[in-house]
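Trainee: Before we start, here is the structure in question, set down as structure tokens.
Readers should treat all values here as calculations from the given coordinates under stated rules, not as data from a laboratory. In this text, all values refer to a predicted model and were calculated from it rather than measured experimentally. We place every Cβ from the backbone using ideal geometry, glycine too, and count neighbours over all the protein chains shown.
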Amino acid sequence: MAKKTVLITGGAGFIGSHLCDWFTGRGFKVIAVDNLITGSLRNIAHLKNSKDFKFIRHDVYKPFKITGGVDYVMHFASPASPVDYMEHPIATMLAGSYGTHNLLEIARTKQAVFLLASTSEVYGDPLVHPQKEDYWGNVNPNGPRSIYDEAKRYAEAAAFAYKRVYGMDVKIVRIFNTYGPRMQIKDGRVVPNFIDQILNGRPLTVYGTGKQTRSFCYVDDLVDGITRLLLSKISGPVNVGNPREFTILEFAKLIRQKYNPKAKIIFKPLPQDDPKQRKPDISLARKALGWDPKVPLEEGLKRTMDWFKNNRTT
Ligand code: NAD
Ligand code: UDP
């Protein structure tokens, strides 16, 4: 049987590169498209010589063509860390808007399944807790995070418009905070920040009071959930994340106790519109995809810490 082809945008990024591994490891052909704005060729260097892997350097904001058949289009290209997307506000909006449109067009002309990497940020600073897929969210439409939140909300709307107009098979995954090997140590997200601070003997920086909550999912669990959705019959949106919730201060204390009980914790200003609470309701993923996260935070952190010790890029 001919091998199926998957087009993965953002394929040189943190999550995208793990998806490239998953598909090449299971007999698919993979085409990764990335402009390297926040990703790195290091993340996919091990795939360079595989005959089933191709890398195209391109900004998905500009239309492009792919020769040959494509069975699945997975749109992951977008800066994802708040520090990154606030540094590249217009590029972030363009990746979510024009970029999504360009990828939907490729999926339409190739008659491929389209999967969008959406985010828990579509819930904004949520007033409903935990967040279920039918919650419409509480997003500041022009605050500093809006360039990311609204681009993803637009992308969801665009995907469903193509589904309604063309009857396309589209899928939306709403990804909650995910961590693991190949995050950039300097992307400003809390997991790489705390790891960087531990490895360099610096104080852990907690923003605000640290009472805001997040729920952290290990990347292997996320990839399992995403690929189950891609190969399923449902469109979603489906939340994929780990429902174990921590305050950021609890999280800092857990890391300190495990890796350096002498580390100091210092407090810094809370960024504007930082969501006060976030925890996925994953009953839909459990029921429709038979998915549940398997890697406990302590184990995922150990794997991530070990990876950063051996692959530091500071
Ligand atoms: P990342 O920054 O590591 O990866 C994003 C990749 O997209 C990078 O390689 C970057 O160079 C590429 N990219 C960005 N704009 C592009 C463009 N215009 N054209 C081509 N390539 C472009 O971030 P990540 O954490 O791997 O996130 C991947 C996707 O998952 C993003 O769409 C993000 O919104 C989504 N997501 C991630 C999380 C998370 O916790 N990691 C949570 C929610 C959603
Ligand atoms: N945060 C923190 N210290 C840091 C980096 C982040 O306290 O060094 C907080 C941030 O304010 C937020 C949470 O940790 O409340 C998660 O931030 P991150 O940037 O990882 O992801 P977000 O969920 O905000 O997109």
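Trainee: Within straight cross-link reach of Lys287, meaning Cα distance under 26 Å, which lysines are found once same-chain residues fewer than 8 apart are removed?
Mentor: Within the straight-line cut-off, Lys287 pairs with Lys132, Lys152, Lys163, Lys171, Lys233, Lys279.
Trainee: Can you tell me the alpha carbon radius of gyration of the chain divided by the globular rule-of-thumb value 2.2 N^0.38 Å?
Mentor: Compactness ratio reported: 0.96.
Trainee: If R0 is 41 Å, what FRET efficiency do you get for Asn200 and Asn140 from their C-beta distance, rounded to 0.05? Mind showing how you got there, number by number?
Mentor: On the way: r = 34 Å, r/R0 = 0.83.
The formula returns an efficiency of 0.75 here.
Trainee: Rounded to the nearest 0.05, what FRET efficiency do Glu250 and Ile56 have when you use their Cβ-Cβ distance and R0 = 45 Å? Let's see the in-between values first.
Mentor: On the way: r = 42 Å, r/R0 = 0.94.
So the FRET efficiency works out to roughly 0.60.
Trainee: Bins of 10 Å, beginning at zero and ending with the bin holding the largest distance: percent of Cα pairs per bin for the range 178-287, please.
Mentor: Pair shares across the bins are 13, 39, 31, 14, 3, 0.
Trainee: I'd like the distance between the alpha-carbon centres of the range 241-272 and the range 73-115, rounded to an integer number of Å.
Mentor: Computed from Cα coordinates, the inter-centre distance equals 31 Å.
Trainee: Also, I was wondering about something else. Please list, in order along the range 155-165, the HN-Hα scalar couplings obtained from phi with the Karplus expression 6.51 cos²θ - 1.76 cosθ + 1.60 (θ = phi - 60°), rounded to whole Hz, x for Gly and Pro.
Mentor: Each residue's phi maps through the Karplus curve to give 4, 4, 4, 4, 4, 6, 5, 5, 5, 5, 6 Hz.
Trainee: Based on the Cβ-Cβ distance from Lys211 to Lys294, what FRET efficiency comes out when R0 is 41 Å, to the nearest 0.05? List each step's numbers first, then the result.
Mentor: Working: r = 29 Å, r/R0 = 0.70.
After rounding to 0.05, the efficiency reads 0.90.
Trainee: Sticking with this one: Can you run phi through the Karplus equation (6.51, -1.76, 1.60; θ = phi - 60°) for the range 26-33 and list ³J(HN,Hα) in whole Hz, with x for Gly and Pro?
Mentor: Calculated HN-Hα couplings, in order: 10, x, 9, 8, 10, 10, 9, 10 Hz.
Trainee: Whose amide H sits under 5 Å from the amide H of Gly124, counting only residues 5 or more places off or on another chain, with H placed in the peptide plane?
Mentor: Here the answer is Asn138, since their amide H atoms fall under 5 Å of that of Gly124.
Trainee: Here is a further query. For n ≥ 4 DSSP H runs only, could you compute -39500 (n - 2.57) per run for the chain, divide by its residues and tell me the 222 nm figure to the nearest 500?
Mentor: Numbers: 10 runs with 114 residues, N = 314.
Calculated from helices alone, the mean residue ellipticity at 222 nm is -11000 deg cm²/dmol.
Trainee: On full extension of the chain, what length is gained from Arg164 through Arg42, given 0.36 nm per residue of separation minus the C-alpha to C-alpha distance? Walk me through the intermediate numbers first.
Mentor: On the way: separation 122, 0.36 × 122 = 43.92 nm, distance 3.90 nm.
Computed gain between Arg164 and Arg42 is 40.0 nm.
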